[in-house]
Each structure stands twice: as C-alpha cells, then as structure tokens.
Amino acid sequence: MSSRWQYSITPASKTKNARKAVVIDCEMGTAASGDCELIRLTLIDYFSGRVLIDSLVWPDVLMSHLNTRYSGVTWKSMREARNAKKCIFGRKNARALMWKFVGPDTIVIGHGANSDLTSLRWIHLRIIDTLIVEGNNHEGNTQGLSLKKLAELRLQRVIQKGKGHDSLEDAIATRDLLHWNVLRVVEGKAEA
C-alpha cells in the first residue's frame, strides 16, 4: 500500500530537453480500492504549444471504472492502446517519461493542478494553478470556476462538449487561460 501512495519529488534533470514551462492535464479513473488512478497524461510546452506527451496510461492496479463520463477514456480505447503497446504502462513510467521534459526548475501549469499531481504521486515546487490565479480575480470562493466555464467566459471557447473531457483540449485551454491572465497584468487590467 505504501508504494501506491509514495510521492516522488522532481529529480535533477538528466536531459537537455527540460522545458522552461509546461502545461499538464491528467484524466483519472477509480481504482477498485476507491482511490483516484491516473489513466491519461497530457503535457504540452507552454511557450511553443508543442504536444510533448498525450497518452493513455494503463494502471498498475485493478480498476473499478474509468469515469468515462468525465475522463472520456473508454475500456475499448484503453485495451486497444495496451494491445498495440501505444500507452504508458503505469504511473511510475508516466512520471519517468514526463521527467524527460520537466526538471526541478520547470514551471508546471495546470487547472486544479493538485489533482494532476496527486494522480502522479508527484511533488513539484514550481506550480502555477489557473484555478488559484482565477480565484484571485474573484471575491469569495472559487467554486464554479471550472475550466469549461472559464474557457467560455475568458476565451470565448466551448470545450468539453463531447463525451467526457479531452486532456489535450483541456491543457490547451489551461495554457490559453493563463496567457489571458498574463496579458491582463501586462496591460495593467489586473494585479500580479
């Protein structure tokens, strides 16, 4: 059990591929134990928008369900990816692949990023969470600041209109939402 909940801190970068800033989005299913489990990982370069990783993750544990309604991941797509060896096998391998692009100094951007970090059992010290950034623009609590609502409100973009979420679509929207907020600071319309 402790190995399932052992968190890992970002190691020193062993490659020159570490980016200055990346955007992450993960999809999670529910393990038989009731715990959240990583089933899809998407990572894009913040500055170029280049997709670095967009892959299903075959879980190491027995799954109760994939939360398809929210995750957009089906058992059919998961089995096809596994059989074709076109998925990442396990959370540990997902982290290792991600760390080819992320070093300790990389800024990691996410929306509700605590969920993504938890699903990866990952500790990283340089995080920008657009949920918190947006929360600073609102009086009161941040409930109702879903990425879907913010994309529509700030970016005039409709996302998550298919069957469940698409982590690539969500990562791009998160990137653009942060960029929208940065431009507001630069233009003097908001405080940093």
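No value in this document is a laboratory result; all are computed from the given coordinates. Nothing here was measured: the structure is a model prediction, and the numbers come from that model. Glycine gets a Cβ as well: all are built from the backbone with ideal geometry, and neighbour counts include every protein chain shown.
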(request) Using the Kirkwood radius over Cα pairs, work out the Stokes-Einstein diffusion coefficient for the range 19-186 at 37 °C and 0.692 mPa s, in µm²/s as a whole number. (result) 201 µm²/s
(request) Please give the contour-minus-distance gain from Leu62 to Phe89: 0.36 nm per residue of separation, less the Cα-Cα distance, rounded to one decimal in nm. (result) 8.4 nm
(request) Can you tell me the dipole magnitude for the chain around its Cα centre, using point charges on the Cβ only (Lys, Arg +1; Asp, Glu -1), in Debye to the nearest 20? (result) 740 debye
(message) Can you show me the helix-derived [θ] at 222 nm for the chain, built from DSSP H runs with n ≥ 4 at -39,500 (n - 2.57) apiece and divided by the number of residues, rounded to the nearest 500.
(response) -10000 deg cm²/dmol
(request) Would you mind computing Rg(Cα) / (2.2 N^0.38 Å) for the range 57-103, counting N as its residues? (result) 1.25
(request) State the answer as a single residue: which of Leu43, Ala113, Ser77 lies farthest towards the positive end of the charge dipole of the chain, with beta carbon charges of +1 for Lys and Arg and -1 for Asp and Glu, about the Cα centre. (result) Ser77
(message) Compute the angle between helix 167-186 and the longest alpha-carbon principal axis of the chain, please, reported from 0 to 90 degrees and rounded to the nearest 10.
(response) 20 degrees
(message) Given a Förster distance of 35 Å, report the FRET efficiency between Thr74 and Ile123 from their Cβ-Cβ distance, rounded to the nearest 0.05.
(response) 0.65
